[in-house]
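**Student:** Handing you this structure, nothing more for now.
The values are calculated or read from the model by the stated rules, or taken from the named source; none is laboratory data. None of the values given here were measured: they were computed from a predicted structure. No Cβ is skipped: glycine too gets one built from the backbone with ideal geometry, and neighbour counts run over all protein chains shown.
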Ligand SMILES: [Zn+2]
């Protein structure tokens with residue numbers, strides 16, 4: 001799979017002549033097939049090339065300028081009509097900052113329409129492509145890193161239909177299956193990871209998208225935006241969990257269903273109903289600290305469960321807006337930040353148990369050392385160590 005050089009062995013005319021003239025030679029007599037020298041060269045997978053470009057946030061125009069080629073040439077490479085030669089590949093390696101092996105990987109490119117994401121309409125298509133491509137890179141790493149590990153995903157086998165189409169009941173059945181104690185879920189990330197759902201977070205550089213999940217992968221991997229407030233991140237995780245467990249394909253209403261699932265999963269009706277009795281604006285903050293969800297989500301839940309009227313809900317929303325909490329609720333009420341561990345543990349497993357060093361991991365994952373460090377937080381650790389000295 002790895003191609004470190006690009007040897008080129010064309011058939012020579014003499015060789016062809018020799019074979020023609022030497023029909024019935026020794027090899028034929030022995031019944032041995034004469035091996036034709038293969039044309040060996042790096043095969044650039046167009047999907048890997050497109051993914052690399054999107055990860056770096058380049059349009060075709062940007063990249064072709066940086067490569068010093070026409071957009072037509074790049075477009076033909078990306079559609080597989082022509083392939084870059086040795087010089088072109090060297091430029092790709094240089095400009096896109098991926099090792100050569102990256103471009104020959106069997107990567108299936110992210111199909112945007114197949115990805116569930118929570119985003120605002122304002123987010124531009126190219127920014128979305130870049131974020132999704134970066135997530136895809138993590139997903140690709142997950143597939144490789146779980147190959148050597150004894151890795152099990154523990155998902156309930158029943159579906160929404162087996163719960164009579166009732167999302168509330170389904171969410172309760174999932175909690176029961178995972179033996180979640182009643183009341184608030186203290187560490188949602190830990191719960192998901194305990195059951196083999198890998199959680200990845202990185203800074204999307206925008207607050208216009210919360211997270212996403214790509215269905216149909218061997219190891220489920222939820223990607224979320226570390227830039228968002230912790231309460232939003234928890235809701236986003238539960239929302240993506242809803243997609244993972246409920247939706248095999250995209251259809252109208254999936255977003256609403258995933259939101260309902262998240263609400264019910266984080267705030268079960270039976271467990272929260274007493275907290276909503278005589279709900280006042282003043283009590284919202286304390287409930288937020290207890291349940292680890294936003295005050296807005298609490299009001300919405302109370303209204304959905306018909307434990308407060310629409311008028312009461314409207315009044316509470318007005319209060320939240322008045323205090324400037326519609327965009328960011330107070331930092332002092334934030335639940336603790338939940339740091340995903342599972343993916344990094346898989347990297348550490350390769351290093352500690354399988355004897356890989358960082359360079360070996362780079363080769364496995366087809367990234368440069370700087371990128372490995374950035375993606376897996378090695379950089380931060382070095383900084384901390386340095387500060388301690
Ligand atoms: Zn969604």
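**Student:** Criterion first (under 10 Å from the mean Cα position of the chain (by Cα) and more than 16 Å from the ligand (Cβ to nearest atom)) does residue 198 satisfy it?
**Tutor:** Values: under 10 Å from the mean Cα position of the chain (by Cα): yes; more than 16 Å from the ligand (Cβ to nearest atom): yes.
Yes.
**Student:** Any residue in the range 227-253 that is at pLDDT below 95 sitting within a Cβ distance under 6 Å of a residue that is in a loop (DSSP other than H, G, I, E, B) and within 13 Å of the ligand (Cβ to nearest atom)? List the pairs, counting only those 6 or more apart or interchain.
**Tutor:** none
**Student:** Inside the range 60-70, can you point out the residues that are without any contact (Cβ under 8 Å) to a residue 12 or more places away in the chain and either out of contact with any helix residue (DSSP H, G or I) (no Cβ under 8 Å at 6 or more places or on another chain) or loosely packed, with under 15 Cβ neighbours inside 10 Å (or both)? First the steps, then the outcome.
**Tutor:** Looking only at the range 60-70, we keep the residues that are without any contact (Cβ under 8 Å) to a residue 12 or more places away in the chain, and these are 61-62, 64-65, 70.
61, 62, 65, 70 - these are the residues of the range 60-70 that are without any contact (Cβ under 8 Å) to a residue 12 or more places away in the chain and either out of contact with any helix residue (DSSP H, G or I) (no Cβ under 8 Å at 6 or more places or on another chain) or loosely packed, with under 15 Cβ neighbours inside 10 Å (or both).
**Student:** Inspect all residues belonging to the range 82-102 and state whether any of them is surrounded by fewer than 17 Cβ atoms within 10 Å (Cβ to Cβ), at positive phi and touching a residue at least 60 places away in the same chain (Cβ under 8 Å).
**Tutor:** Taking every residue of the range 82-102 in turn, at least one turns out to be surrounded by fewer than 17 Cβ atoms within 10 Å (Cβ to Cβ), at positive phi and touching a residue at least 60 places away in the same chain (Cβ under 8 Å).
**Student:** Which residue, of 354, 346, is under 23 Å from the mean Cα position of the chain (by Cα) and over 21 Å from residue 228 (Cα atoms)? Talk me through it step by step, then tell me what you get.
**Tutor:** Working: 354 fails: under 23 Å from the mean Cα position of the chain (by Cα).
Being under 23 Å from the mean Cα position of the chain (by Cα) and over 21 Å from residue 228 (Cα atoms) holds for just one of 354, 346, which is 346.
**Student:** Right, here's the next one. Checking residue 265 against (1) surrounded by 24 or more Cβ atoms within 10 Å (Cβ to Cβ); (2) within 11 Å of the ligand (Cβ to nearest atom), which test does it fail?
**Tutor:** (2)
**Student:** Still on this structure: Answer yes if at least one residue in the range 186-196 is out of contact with any strand residue (DSSP E or B) (no Cβ under 7 Å at 6 or more places or on another chain) and at pLDDT below 90, and no otherwise.
**Tutor:** So far as the range 186-196 goes, no, none of its residues is out of contact with any strand residue (DSSP E or B) (no Cβ under 7 Å at 6 or more places or on another chain) and at pLDDT below 90.
**Student:** Right, here's the next one. Among the listed residues 336, 340, identify the single one that is under 24 Å from residue 289 (Cβ atoms) and crowded, with 18+ Cβ neighbours inside 10 Å. Show your work before the answer.
**Tutor:** On the way: 336 fails: crowded, with 18+ Cβ neighbours inside 10 Å.
Answer to the selection: 340.
**Student:** Now for a different question. Among the residues that make up the range 278-298, is at least one of them crowded, with 20+ Cβ neighbours inside 10 Å, within 16 Å of the ligand (Cβ to nearest atom) and modelled with pLDDT of 95 or more? Quick ask: steps written out before the conclusion?
**Tutor:** To start, the set of residues in the range 278-298 that are crowded, with 20+ Cβ neighbours inside 10 Å comprises 284, 287-288, 291-298.
Filter once more, keeping what is within 16 Å of the ligand (Cβ to nearest atom): 297.
Of the ones still in play, those that are also modelled with pLDDT of 95 or more are 297.
Yes, that holds for at least one residue.
**Student:** Would you point out the residue of the range 233-259, among those that are away from the ligand (no atom under 13 Å from the Cβ) and part of a helix (DSSP H, G or I), that is nearest to residue 167 (Cα to Cα)? Break it down into steps so the answer makes sense when it comes.
**Tutor:** At the first step, the residues of the range 233-259 found to be away from the ligand (no atom under 13 Å from the Cβ) are 233-234, 248-249.
Okay, now just the ones that are also part of a helix (DSSP H, G or I), so 233-234.
Values: 233: 21, 234: 19 Å.
Filtering first and then ranking leaves 234.
**Student:** Right, residue 118: within 30 Å of residue 236 (Cα to Cα), touching a strand residue (DSSP E or B) at 6+ places or on another chain (Cβ under 6 Å) and modelled with pLDDT under 90 or not? Step through it out loud before you land on a result.
**Tutor:** Values: within 30 Å of residue 236 (Cα to Cα): yes; touching a strand residue (DSSP E or B) at 6+ places or on another chain (Cβ under 6 Å): yes; modelled with pLDDT under 90: yes.
Considered against the rule, which asks whether it is within 30 Å of residue 236 (Cα to Cα), touching a strand residue (DSSP E or B) at 6+ places or on another chain (Cβ under 6 Å) and modelled with pLDDT under 90, residue 118 comes out as yes.
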